Every structure is written in structure tokens, then in C-alpha cells.
């Protein structure tokens with residue numbers, strides 16, 4: 001597999017200690033020669049294709065600091081420009097007859113970069129105090145007193161008969177996690193039925209009532225909810241006091257940013273005209289040879 005550009009550049013930089021100490025030529029694009037430097041200031045051309053100052057700055061930003069530590073600016077300039085010239089000369093040959101793989105990879109990289117760059121701008125502004133307070137209230141409400149949280153696992157099936165059969169198997173020593181993986185229709189089956197930590201008000205009432213009534217380690221009789229029949233095991237419980245606002249400020253800021261990003265993505269998707277091609281076989285994903293034709 002080809003190394004990424006930052007990896008290649010880092011390898012080149014670390015492999016050339018002599019160049020780091022050698023005197024370098026004056027960079028070709030200077031404010032005196034070309035006016036005030038701009039992102040589109042041309043620093044070199046390869047068969048008429050421009051290499052710009054902006055492209056060099058972007059490459060420099062992609063390098064890990066340890067790869068260029070102690071390297072003089074002039075030497076780094078020469079090394080990077082030489083690398084970009086070499087890349088351009090070789091890439092121009094490939095660009096004359098790009099393969100389906102070339103086109104697909106380049107388009108994925110373009111789309112991925114523009115997606116990330118757009119969402120980074122959305123997430124960049126520092127959340128306001130009002131936004132942070134709203135996020136805190138959403139997470140902890142007006143709670144001032146300690147509250148009880150529960151850790152439980154369950155096995156969800158369609159009928160009471162199935163639930164009673166599972167309860168009997170558990171009473172006879174069957175492993176709860178194994179039965180959850182094999183029999184539960186809930187997506188928690190992949191995690192042996194574990195539901196993590198939650199408060200009673202986060203669950204539907206029949207389920208919550210059953211959990212609250214259980215002792216640690218106990219397994220419930222079958223419980224019916226609108227989702228089906230549950231067999232529940234209480235793993236543990238704990239009392240939690242709401243954290244102080246300042247103690248979770250950073251987490252709240254991250255949550256505000258996450259919500260903004262999600263909202264932006266959903267808004268863009270909702271505004272887009274989307275048409276999915278019907279009838280394509282998902283096994284086509286394994287047809288790598290299509291990219292080589």
C-alpha cells in the first residue's frame with residue numbers, strides 16, 4: 001500500500017540530515033519579486049502546472065512537528081519543493097490515463113476533505129455561556145439531589161412463552177450473556193444484553209419498575225413492555241450527585257459542538273435532492289477488479 005503524503009515527506013526529511021545543515025537557495029517566491037505573498041503565488045511550474053505557496057503551506061501543516069524539528073526554514077523549503085516537483089512530474093503521467101481506481105480514490109479524498117473542512121468550521125466557534133448552560137440543563141435538568149443509576153442487562157423476545165423458557169434456563173444455571181447473544185432480538189445482544197448505566201426515567205415504566213425492584217445480581221420474571229418480553233438482570237446500582245457546572249465545562253463544550261455538527265449534517269442532507277439507485281447487489285462491494293478495468 002502506498003504511504004500517505006505526510007508519511008513520505010516525514011521519511012524524506014528524516015532520511016536527509018545532511019540537507020538540513022546545507023545552505024539553501026533563496027525561495028523563488030518573495031514579496032519583493034511578486035508583491036505581497038498570496039496562497040496562489042506560484043513558486044514553480046512543472047510542464048506548465050503551477051505549484052503554489054498555498055500548496056506548500058498546506059503540505060507543511062500536514063507534517064508532524066517531530067519530522068521537521070530543528071530543520072531550517074530554507075532547507076525545509078527546498079526539500080518540500082523538490083518533493084512536490086517530483087510528485088507533479090510523475091502524477092502528470094498518471095493523469096493522462098487515469099484508471100477507475102484513480103478516479104474513485106481522488107473523488108473520495110476530495111469529498112472527505114470538503115466534508116471535514118466544512119464541519120470543522122461549524123464546530124470551531126467557542127460555545128457561548130448560554131449554550132453551555134442549556135447543555136448542562138439538558139444533561140442534568142434541575143436535579144439538585146443525588147439520583148440512583150442502574151446497570152442492567154436484558155434478553156428481549158417476542159412472546160411470554162419464550163421469556164419463561166429463558167427464565168427457566170437461567171434458573172438452571174445457563175449463562176445470561178450467552179443466551180442474550182443467541183436469543184435476544186434487541187441490538188444489545190451483541191454486547192451480551194448489557195444496557196450500560198441509566199436512570200429509571202430513561203426506560204419504559206414496566207422495565208424501570210422491574211429494575212428498581214431487583215436486588216443486585218438478581219434476575220426478573222418475564223416483564224412485558226411495548227417492545228416485547230424482557231428477562232432482566234440487575235448488575236449494579238449507584239448513587240450519583242450532579243457534577244458542578246465548571247467541572248464538566250469542557251465536556252459540555254464538546255457536546256454543544258457535536259450537536260452543531262449533527263444539525264449541520266442533517267440540514268444539508270434534508271436540503272439535498274437524493275436518489276438511490278435501486279436493485280444493486282450489496283455483494284458488488286467485493287468486486288475490486290472493477291477498479292482495475
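The values are calculated or read from the model by the stated rules, or taken from the named source; none is laboratory data. Note that the structure is predicted; figures quoted are calculated from it, not measured. Positions of Cβ are backbone-derived with ideal geometry, glycine not excepted, and every protein chain shown enters the neighbour counts.
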remark   = residue 210 fails exactly one of (1) touching a helix residue (DSSP H, G or I) at 6+ places or on another chain (Cβ under 6 Å); (2) surrounded by 15 or more Cβ atoms within 10 Å (Cβ to Cβ); (3) part of a helix (DSSP H, G or I), namely (1)
remark   = Given the conditions (1) at pLDDT 95 or above; (2) under 28 Å from the mean Cα position of the chain (by Cα); (3) surrounded by fewer than 12 Cβ atoms within 10 Å (Cβ to Cβ), every one holds for residue 190 apart from (1)
request  = Please find, within segment 240-257, the residue that is nearest to residue 128 (Cα to Cα) out of those that are surrounded by 12 or more Cβ atoms within 10 Å (Cβ to Cβ) and free of Cβ contacts under 8 Å to residues at least 40 places away in the same chain.
outcome  = 254
inquiry  = Of everything in segment 110-149, what is in a helix (DSSP H, G or I) and within 23 Å of residue 200 (Cα to Cα)? Give them in sequence order.
reply    = 134, 135, 136, 137, 138, 139, 140
task = Pick out the one residue from 260, 276 that is in the same structural domain as residue 128 (by TED's automatic domain parsing) and either more than 23 Å from the chain's Cα centre (by Cα) or surrounded by 11 or more Cβ atoms within 10 Å (Cβ to Cβ) (or both).
result = 260
query = Hey, which of the helices (runs of 4 or more DSSP H) in segment 1-93, taking only ones fully inside, have at least 3 residues that are over 34 Å from the mean Cα position of the chain (by Cα) and at pLDDT below 75?
reply = 17-21, 31-34
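Residue by residue, here is whether (1) surrounded by 10 or more Cβ atoms within 10 Å (Cβ to Cβ); (2) under 13 Å from residue 244 (Cα atoms); (3) free of Cβ contacts under 8 Å to residues at least 40 places away in the same chain holds:
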position: 107; (1), (2), (3): yes, no, yes
position: 113; (1), (2), (3): yes, no, yes
position: 123; (1), (2), (3): yes, no, no
position: 136; (1), (2), (3): yes, yes, no
position: 141; (1), (2), (3): yes, yes, yes
position: 146; (1), (2), (3): yes, yes, no
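Looking at 116, 104, 124, can you tell me which residue is under 26 Å from the mean Cα position of the chain (by Cα) and more than 30 Å from residue 288 (Cβ to Cβ)?
Result of the check over 116, 104, 124: 124.
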request  = Would you check which residues across segment 150-182 are under 11 Å from residue 229 (Cβ atoms) and part of a helix (DSSP H, G or I) and list them?
outcome  = 160, 161, 162, 163, 164, 165, 166, 167
task = Kindly indicate whether residue 216 is modelled with pLDDT of 95 or more and more than 22 Å from residue 117 (Cα to Cα).
result = yes
remark   = Of those in segment 219-245 that are assigned to a loop (DSSP other than H, G, I, E, B) and either touching a helix residue (DSSP H, G or I) at 6+ places or on another chain (Cβ under 8 Å) or modelled with pLDDT of 95 or more (or both), the residue nearest to residue 162 (Cα to Cα) is 222
query = Taking into account only those residues within segment 193-207 that are without any contact (Cβ under 8 Å) to a residue 40 or more places away in the chain and under 32 Å from the mean Cα position of the chain (by Cα), which is surrounded by the most Cβ atoms within 10 Å (Cβ to Cβ)?
reply = 203
